[in-house]
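Only one structure is covered here, and it is reproduced in the block below.
What follows is calculated from the coordinates using simple rules that are stated; it is not laboratory data. As the structure is a prediction and not an experimental result, all values here were calculated from the model. Here Cβ is always computed from backbone atoms with ideal geometry, including for glycine, and neighbour counts include all displayed protein chains.
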Amino acid sequence: MKHLKNFLYGILIGMSCLIPGFSGGTMALILGIYEELMESLSLITKKFSLAFVRLWSLAIGMVIGAVLAVFTIVKCLNNWPLITSGFFVGLVIASLPLTIKNARKEKAKLSSWVSLIICAIVSILLCFADKFGLILDLTKFNVLIIIYILIITSLSAAAMFIPAASGSLILLMFGIFEPIVTIIKMVLEGIIHGDFSIFVNYLYVIIPFFIGIIVGVIAVGRIITMLFKKHDNQLWYGILGLIIVSIFAIYYNAFHDPLHPSDLTRYENITNNLAFNIIGAIIMMVIGFLLIYFLEKLVNKKKQQLDNKEENLSEN
């Protein structure tokens, strides 16, 4: 029964990992299994058999949840890019107050502002990477692309399990969210139809992507946790810089042509139905905002219940 529950929880966590502005860590908090999940992940390199027993059903659920999200998100981005982006922006805006609150727990230092500015500038430059000759075309083999995927995916995987930090948002801000998701969708569709050639052709993307996830979960996650203990203020200001710029980055990316083409270009899809797209984007932005708002209220309620339970136990 426990494994069935973990499997269902895993589906929800897996889907949330693919939503820019949201994170698997936040969903784990909402479900009340965050501490247990972090403890189990920390055992992977120490007591693998014990970690496996605890995580296998959750991991299967996460994979299935991520696959479901891949098919739905790609379709939405290709057909309704501005409207879908509005939902993501709503998630991001809703996450700003919590990020600011965490950043302001301590008085900002000069290094905190430097961290914010550097992260913001890097994010802006990456939005216009193609203008500087850095074209992130994952459909063509390139050694630098492999290294880039490995590094960004590692950071993204580590962020997946940090509440208020979004792993998919990092992929989005560094320009590889949609290409990766699109390629994975194409590979899965090929496998379903018995065509493994697409899988073979994109091994140079798939292998560093999954290695990055493993490295991020096991190694980078520990490093980030350690940095949060020693440089908490600087990291939160850096995250704040990334989040602020991501609002622009998400909409900027909405006007780029999809790698998995529709009948019309992305720009034409938007401009030919501008009023519909603007109204839809505003509605989805409000929905995204309210979703995070109520989820955070649920997290706070669960946390309060846990604190009250610990208080009652200590009094007894």
Given points 7 Å out from each Cα along the Cα-Cβ axis, report the Leu150 to Leu274 separation in nanometres with one decimal. 4.6
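Cβ neighbours within 10 Å, averaged per peptide: list 38-50, 198-210 in order, most packed at the top.
Ranking the peptides 38-50, 198-210 by packing returns 198-210, 38-50.
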Please tell me which of these pairs span more than 29 angstrom C-alpha to C-alpha: Lys5/Lys297; Lys46/Lys75; Lys46/Lys297; Lys2/Lys75? Lys46/Lys75; Lys46/Lys297; Lys2/Lys75
How do the peptides 9-15, 212-218, 241-247, 108-114 rank, highest first, by the average count of neighbouring beta carbon atoms within 10 Å per residue? 9-15, 241-247, 212-218, 108-114
List the lysines whose alpha-carbon lies under 21 Å from that of Lys107, not counting same-chain residues fewer than 8 positions away? Lys229, Lys230
